[in-house]
Amino acid sequence: MSEDILHQIRVSSRNHDIEMNEEIQNRALLLIEDMCYLMCGSLLFRLGMQAPNREMNDAFNRELEREREYDHQELDLVVQTNVPLLNSQQKEVYDTLMKAIDDENRGLYFLDALGGTGKTFLMSVVLATVRPRSNIAVAVASSGIAVTLLEGCRTAHSALKLPLNLQTIEEPTCNIAKHSAMAKVLSASKIIIWDECTMAHKRALKALNRTLKDLRNNSRCFGGAMILLSGDFRQTLPVIPRSTAADEINACLKSSNLWRYVKKLQLTTNMRVALLNDTSAEDFSEQLLTIGNGQVPVDEASGLISFPNNFYNFVSSIDELINNVLPNIISNYKNNEWLSERAILAAKNKDVDGLNYIIQNKIIGTMHSFKSIDCVTNEDETTNYPIEFLNSLDVPGLPPHNLRLKVDSVVIMLRNIPQNLIQIGSAV
């Protein structure tokens, strides 16, 4: 990094005689520490590394700067262009939220939005309305996929420093120090939007409530902050490993004591159907809604439901499935737009892994194998946990022991990377 900074200085000054010096190395340390502070809230000296020479408030203010560095003219243009495009339901929700923000009549809101009703479009307009004039609007989401849909959005666990073991902590709090930069951001925020909240554990909401009360020195619900939750309980619920349906319902936000404070907003008009005027899409949407509302008869013996014949297209093999969804993949695997319009869903991770391996084999090129390095930290336990056993473990959320990839394979990054280093759709 120091060499990159040196190169930039030489190019900008047109002086290639400049040599490496302490000032350049210090600038590199400053950049590393800023990145470290934004990602994990730690300075370099706490991580056992050399600390840069700096004013401490520089790192402290970087988090605030990130939330205020949006192009205000561009945001104003988004508002002027998109507010007139809101349908009557979206406009009613928009006006309700804006009035609550302007009157400082904060509270806990839940936007119940079916798929295709324009929820993301509406929330983008809300963020664009709030963020100009240096106001802060924090956007988080429960999944990495949902994060890519809203500008400036981060995963809830990353931004709010939620505990990883929420299932086992009765009284959780967010790992945010009262005088930290993120505390300043949350205290100054006009609105906190949490997308796909239906996937979150109810204790995540409890942790946020306790933390905001402390940070804002306010005993009101969520410390008087305005919280907008959004999602669809018909689609997603919390994933609780090795649990029953009753466990998932108990972990759901609707089971939280805080849910009684929710002010419900709703979107029901399917914009995809309305804009495309597609009767088959409308029928399919209504069938999904019927299933989501629990209106389909359930077999008492198996607890399963039966799909009508016009609900699906049956395939007899995995190859037929792949050929229907990804025809001519050999010619199109580098076409990002083509790939973004196609997806195969499966209920279990092992089925997803199997499908991915078959599809990847169809791509031209040599398969490269990357194997993990597993070891036992306590040498006394080596005999109890052989390396072969560790290699056999397939842990959700972690790459497999033997990761097989080809050049141009589509991958998902399993770790948070600073957003200013990544563009959506770009290669990593």
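For segment 200-244, filtered to residues that are surrounded by 21 or more Cβ atoms within 10 Å (Cβ to Cβ) and in contact with a Ser or Thr (Cβ under 6 Å, 6 or more places away or on another chain), the residue that is nearest to Ser256 (Cα to Cα) is Leu205. For segment 127-141, residues that are in contact with a strand residue (DSSP E or B) (Cβ under 7 Å, 6 or more places away or on another chain) and either in a loop (DSSP other than H, G, I, E, B) or not small (Gly, Ala, Ser) (or both) total 7. Which ones in segment 161-179 are hydrophobic (A, V, I, L, M, F, W, C) and in contact (Cβ under 8 Å) with a residue 12 or more places away in the chain? Correct list: Leu162, Leu166, Ile169, Cys174, Ile176, Ala177.
Set side by side, the residues Gln73, Gln89 differ, and just one is loosely packed, with under 14 Cβ neighbours inside 10 Å, farther than 26 Å from Leu208 by Cβ and over 23 Å from the mean Cα position of the chain (by Cα), which is Gln73. Gly303 satisfies every condition listed in (1) free of Cβ contacts under 8 Å to residues at least 40 places away in the same chain; (2) more than 24 Å from His401 (Cα to Cα); (3) not in a loop (DSSP other than H, G, I, E, B); (4) not hydrophobic (A, V, I, L, M, F, W, C) except (3). Exactly one residue out of Arg106, Arg154, Arg133 is over 17 Å from Ile227 (Cα atoms) and of a type in the set (D, E, K, R): that is Arg133. Ile412 fulfils the conditions (1) surrounded by 11 or more Cβ atoms within 10 Å (Cβ to Cβ); (2) within 30 Å of Leu164 (Cα to Cα) except for a single criterion, (1). Put simply, of Arg242, Arg203, Arg210, Arg272 the only residue that is part of a helix (DSSP H, G or I), modelled with pLDDT under 85, of a type outside the set (Gly, Ala, Ser) and under 24 Å from the mean Cα position of the chain (by Cα) is Arg272. Within segment 236-257, the presence of at least one residue that is hydrophobic (A, V, I, L, M, F, W, C) and touching a Cys at 6+ places or on another chain (Cβ under 7 Å) is confirmed. Only residues that are loosely packed, with under 14 Cβ neighbours inside 10 Å, closer than 24 Å to Gln8 by Cα and of a type outside the set (D, E, K, R) were counted in segment 21-50, giving 2.
The values are calculated or read from the model by the stated rules, or taken from the named source; none is laboratory data. Just so we're clear, the structure is a prediction, and the values are computed from it rather than from any experiment. No Cβ is skipped: glycine too gets one built from the backbone with ideal geometry, and neighbour counts run over all protein chains shown.
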